[in-house]
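Below is one structure, written out as structure tokens; comments come after it.
Quick note: the coordinates plus some simple rules give every number you see, no bench work behind them. Because the structure is predicted, anything quoted here is derived from the model rather than measured. Glycine also receives a Cβ, built like all others from the backbone with ideal geometry; neighbour counts cover every protein chain displayed.
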Amino acid sequence: MPEIFDGRAWVCGDDIDTDQIYHGQYLPLTDPKEMAEHAMEYVPGLEDFVKKVQPGDVVVAGKNFGCGSSREHAVICLAENGIACVVAHSFARIFYRNAVNLGFPVLECPGVKEIFENGDPIRVNPATGEVENTKTGKKLKGRPISGLEEEIASAGGLLKYLAKK
């Protein structure tokens with residue numbers, strides 16, 4: 001995992017559930033590339049997300065991001081679109097665990113969505129928890145990714161991490 005993520009912010013609100021991130025009607029799809037084509041299309045204001053997202057971009061969210069069902073698809077479709085990480089005020093427990101288990105970085109940072117607008121340049125340092133809007137210079141410090149989470153992400157997910165043990 002890179003030490004620092006630099007990209008553009010994709011901002012969404014509170015209580016974004018997994019059905020908004022990856023709608024249940026697409027559950028029969030199994031190819032991650034096909035799944036990625038439907039990421040975030042039910043999130044208000046981000047319906048055209050997949051047409052504009054670029055590798056290295058970051059999803060910025062409010063409270064309880066990823067609530068709802070336990071589907072891993074929500075994490076997979078974000079990762080497959082090249083999202084570097086998700087920074088949110090807080091996460092639903094199951095989304096957070098799925099992200100960690102799949103080796104996808106997630107960072108809790110209270111108040112983060114208030115300092116970004118869609119498209120703002122964002123810099124995230126997962127090791128320190130620092131998040132910066134490089135356009136405005138506003139900075140926040142969230143909870144850094146733990147050493148174990150970093151090891152799992154570097155291994156490519158929990159199963160690959162356990163296979164090395």
Quiz item: For labels at ASN101 and LEU148 in the simple 7 Å Cα→Cβ model, what's the distance in nm?
Solution: 1.5
Quiz item: What FRET efficiency would be calculated for the residue pair ASP6, LEU158, taking the C-beta separation as r and a Förster radius of 25 Å, to the nearest 0.05?
Solution: 0.40
Quiz item: Excluding same-chain residues fewer than 8 positions from LYS138, which aspartates and glutamates have a Cα within less than 17 Å of its Cα?
Solution: ASP6, GLU108, GLU114, GLU117, ASP120, GLU130
Quiz item: Roughly how many whole Å is it from the C-alpha centroid of the stretch 90-165 to that of the stretch 1-36?
Solution: 14
Practice problem: Compute the semi-axes of the equivalent ellipsoid of the stretch 5-164, taking the square root of 5 times each eigenvalue of the Cα gyration tensor, and list them largest first in whole Å. | Solution: 22, 20, 14
Quiz item: What is the packing order of peptides 67-74, 150-157, taking the mean over residues of other C-beta atoms within 10 Å and listing the highest first?
Solution: 67-74, 150-157
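Express in nm, to one decimal, how much length is gained between GLN25 and GLN54 on full extension, taking 0.36 nm for each residue of separation and deducting their alpha carbon distance. Kindly include the intermediate steps, with their values, before the conclusion.
Values: separation 29, 0.36 × 29 = 10.44 nm, distance 2.47 nm.
Additional length available on full extension: 8.0 nm.
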